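S.K.: Starting off with a structure, shown below.
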Amino acid sequence: MTTDARKDGLPHAPDEPTEDDPRFEDGLPSEDDFGYEEDFPDPVPAGDVGRWVRGKWVPASQVASYEADAELQTAERGFHIPFRWEVAAYVTLITIALVLRLWGLGDRAVHHDESLHGFFAWDIYQGRQYLHNPLTHGMFLFHTIAGTFFLFGDNDFTLRLSMAVFGSALVATPLLLRNRMGQVATLLAAFMIAFSPTLLYFSRFARNDIFIAVFTIVLIGAMFRYIDERRDRWLYIAAGAIALGFTAKENMYIVVAILGVYLAWRTGPEIWDWLMGRRSIKEFTPDAGFLLLIVALTLPLFAAAVSIFDTALGLNLSADNGTPGFATGEPVGGGSYAVAIITVVFLMVVGWILGWMWKPKAFAISWAVFALLFALMFTNFLSHPGGLGSGIWQSLGYWLEQQEVNRGNQPWYYYFMITSAYEFLPFAIAIGTAAFYAFRTGMFAWAMLGIAAVFFSIGGYYSINEGRVNDELAVLIPTVLGIAALAVYAMYVRATSFMRFLLFWSIITIAAYSIAGEKMPWLLTHVTLPFIFVAAKSLGDLIMHIRWQPALRRGNWLLIVGVPLFFLLLWRLIFIDLDGGSFTSFFSLFLILATLGMLLVGQQYLGSRIGHTAAWGSATLVIAMLLFGYTFRASWNASFVHKDVPREILVYTQTSQDIRQVANEIRLAGELTGEGNNISLSIDTADSYAWPWHWYLRSNTGAIFQDLSLDSVGARRGVEIAVVNERNDGKVRSEYTNNYAEPRRIEHRAWFPEDYRGMTPKVFWDTIWDRERWRGAVDFFVYREISGEIGSVDSYVYFNNSLPLSPLN
């Protein structure tokens, strides 16, 4: 079977059809309409060519007639968007996304982590070296920020500029999957990405995660485009996305593993046939070929996983945190280094052999793209060859060692909680979609969901009672089995293969991040993406499979009023107070129940006129519009209203505006005294107070950083300005009594009150059944009112009396 594009310009047919056929009946498509596929379809004959028409693959001989038929069908439905309007929609969306991401980008005080990234990128911009350290992830971020500084100068705005640009570009990435998603679903995915609270906030934050989001969608898009079109250029694009992903952040290990498991599951029989000698590797379908590409390119990067067997090997292939003389994740000793090098070289050779056996030319080009980008980033454009070794080995080795550190110390349900607070629109639609396909599939799907629930309950019980269980396997094993059951559900649910992929991607992603030791709000970026695509695909199918003109003529538009009224009355019913037993209370209850009943009867009547699936589908779309209203409000609050105040779980911890103000006063003091950046300063570094001061004082040559909590370190006398950690102030205040003005207390950083920790089944169920406890959740969801106090740590600032203080105010 040839795998190149045909001379007539038409790509080969894909291995499987898609569901986006405009000839479906009213409402949601039936099982037959969806064209339920076998899991491993037979290869398409070599001569079968065609093209995509409105999201469906059509043989070349039928293209003209199918286009005409599609025009007629979509005209009846009224939901084919003309090309020029579609382009205008994307241009508008991307423009709005860019404005939201650039507006006031430099106004928020620089976060602790942002200051690390900005300072080390500034070092590169200044011509100094910053060497790869897996603590701060890959080098892509630092080179990107340094390039931005070179073009536009260094300040708080340009520190975040590249993330804002990537965050805006992310809005366009669903177009890579347009053939699979369909026109409307693709536009909806772009729309949700543009206004997502999580994606907007972290597009305005100097971290690596928005880069990984872009590279993830590019990789997935390249995968499906290669499967559908079989053009080698998608292999090259995928190789570049994988390389840049690994140079950006270690999340790419999770992304590659998820795609690898999915493809291995789909192509298992043909892989087995190859292993048994019944099939040539050159006969692989595009699915198996893409799996081979991923494996061949990334095998060496997984080499550090052998450190799991340290004890059995009698080596230390990955240094523990704090090992003297060795970086965390680095091999310890000559023997360990030798084993590490041999393992990497062996896996690289295996990958090369597999790739060369499959498609020599395409693999060689893909490998060259991957290796070039990977090497340039980690070696600082070949100026530090040692970065290649740390990039290959320590990137994984470091984080394997950090798994037990459990950074953030968040509970296992953290992402479910934070997703419900911010990404409730895609999360709710995705859960509804999973339930819909479970009903459609039947007992097998419900059995898998039930098995998963049992295993998760066992794992959850032991995690809550971890003080009485010393064996971590008691938690890990049932959790993994539960995830496996959900994976089986996703892969065998009665849906199209693309929807199965989206469900699999969503389930395994949130599971993987929930198991991972480090749980932080910025990682919600990666959890949110698959849910957005599931929700967009589901809503797009709903929109496309409703005949809107007759539905609207028959009263479908009344749902715009009826659905919001139904939920308002339902909310009133939940919180109605009958304790007094008054006639008014019971009469109100009667009116609410009667009105709810009338609305349900009206919904049933509407279903008899336009079809029940169309009626309920339309109601779902109205619910989605209501949820979007709250989504936009959550985005606005997190990124603009509460940007400097951790009233949002998404904000987590935040540098105070006081730091920016003092930094500005230091600059003005330097100007007024004529000392400029040479003005003498003392910064107390206890409790990591050095950050973000290193960023704000990056050009100051007179700043001295010292840890005043150490017994051997005392107050630095004679400096113009001193910043002291509040817990060290008593130690040095007497030294700053003379010749210094009364110190000013400033807030250094603040954090969200984590009252949600320690959830137990009893607390959870008590909350469910106690309406009064709901009020706190509602107050936070709607108004962002919090019951606990925002935590903070403070500093004292001392100004020398010789400074002209009055002009500083």
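S.K.: Filter region 697-713 down to residues that are touching a Ser or Thr at 6+ places or on another chain (Cβ under 8 Å) and open to solvent by 40 Å² or more (accessible area, probe 1.4 Å) and give me whichever is farthest from ARG727 (Cα to Cα).
M.R.: If we take residues in region 697-713 being touching a Ser or Thr at 6+ places or on another chain (Cβ under 8 Å) and open to solvent by 40 Å² or more (accessible area, probe 1.4 Å), then ILE704 is farthest from ARG727 (Cα to Cα).
S.K.: I've got another one for you. Where the second residue is assigned to a loop (DSSP other than H, G, I, E, B) and the first is at positive phi and lies in region 400-423, which pairs have Cβ atoms under 8 Å and are six or more apart or on separate chains?
M.R.: From region 400-423, the pairs are ASN406/GLY517; ASN406/GLU518; GLY408/GLU518; GLY408/LYS519; GLY408/MET520.
S.K.: Go through region 301-328 and count every residue that is of a type in the set (S, T, N, Q) and open to solvent by 80 Å² or more (accessible area, probe 1.4 Å).
M.R.: Residues that pass the stated criteria total 2.
S.K.: Scan region 680-702 and tell me whether some residue there is more than 13 Å from VAL797 (Cα to Cα) and in a strand (DSSP E or B).
M.R.: No: zero hits.
S.K.: Does ILE666 count as hydrophobic (A, V, I, L, M, F, W, C), more than 23 Å from the chain's Cα centre (by Cα) and either open to solvent by 50 Å² or more (accessible area, probe 1.4 Å) or at pLDDT below 90 (or both)?
M.R.: Criteria not met by ILE666.
S.K.: Go through (1) closer than 30 Å to TYR630 by Cβ; (2) of a type in the set (Lys, Arg); (3) open to solvent by less than 10 Å² (accessible area, probe 1.4 Å) and name the single condition ARG204 misses.
M.R.: Evaluating ARG204 over (1) closer than 30 Å to TYR630 by Cβ; (2) of a type in the set (Lys, Arg); (3) open to solvent by less than 10 Å² (accessible area, probe 1.4 Å) leaves (3) as the failure.
S.K.: Let me ask you something else. Going through region 118-168 one residue at a time, which ones are among the small types (Gly, Ala, Ser) and in contact with a Pro (Cβ under 9 Å, 6 or more places away or on another chain)?
M.R.: Selection gives GLY118 alone.
S.K.: What helices (runs of 4 or more DSSP H) lie completely within region 171-215 and have 1 or more residues being touching a residue at least 24 places away in the same chain (Cβ under 8 Å) and under 25 Å from VAL110 (Cα atoms)?
M.R.: 183-195, 197-201
S.K.: Have a look at LEU481, LEU502 and point out the one that is buried (at least 22 other Cβ atoms within 10 Å of the Cβ) and either over 19 Å from TYR652 (Cβ atoms) or touching a Gly at 6+ places or on another chain (Cβ under 7 Å) (or both).
M.R.: The match here is LEU502.
S.K.: Kindly indicate which of ILE560, ILE546 is among the hydrophobic types (A, V, I, L, M, F, W, C) and assigned to a loop (DSSP other than H, G, I, E, B).
M.R.: Of ILE560, ILE546, the one residue that is among the hydrophobic types (A, V, I, L, M, F, W, C) and assigned to a loop (DSSP other than H, G, I, E, B) is ILE546.
S.K.: While we're on this one: Name every residue in region 574-615 that is modelled with pLDDT under 85, under 23 Å from ASP770 (Cβ atoms) and either of a type in the set (Lys, Arg) or open to solvent by 40 Å² or more (accessible area, probe 1.4 Å) (or both), in order of residue number.
M.R.: ILE574, ASP577, LEU578, ASP579, GLY580, GLY581, SER582, PHE586
S.K.: Condition check: open to solvent by 70 Å² or more (accessible area, probe 1.4 Å), in a loop (DSSP other than H, G, I, E, B) and farther than 17 Å from ASN800 by Cα. Does ARG757 satisfy that?
M.R.: yes
S.K.: Then there's this: Can you tell me which of ARG716, ARG727 is open to solvent by 30 Å² or more (accessible area, probe 1.4 Å), in contact (Cβ under 8 Å) with a residue 40 or more places away in the chain and farther than 21 Å from HIS111 by Cβ?
M.R.: ARG727
S.K.: I need the full set of residues from region 647-699 which are in contact with a Lys or Arg (Cβ under 7 Å, 6 or more places away or on another chain) and among the hydroxyl-bearing types (Ser, Thr, Tyr), in order please.
M.R.: Answer for region 647-699, where residues must be in contact with a Lys or Arg (Cβ under 7 Å, 6 or more places away or on another chain) and among the hydroxyl-bearing types (Ser, Thr, Tyr): THR653, THR655, SER656, SER682.
The values are calculated or read from the model by the stated rules, or taken from the named source; none is laboratory data. Just so it is clear, the model here is predicted, and its values are computed rather than measured. Cβ: placed from backbone, ideal geometry, glycine included. Neighbour counts: every protein chain shown. SASA here: full protein model, heavy atoms, side chains in, ligands and nucleic acids out. Shrake-Rupley method; radii C 1.70, N 1.55, O 1.52, S 1.80 Å.
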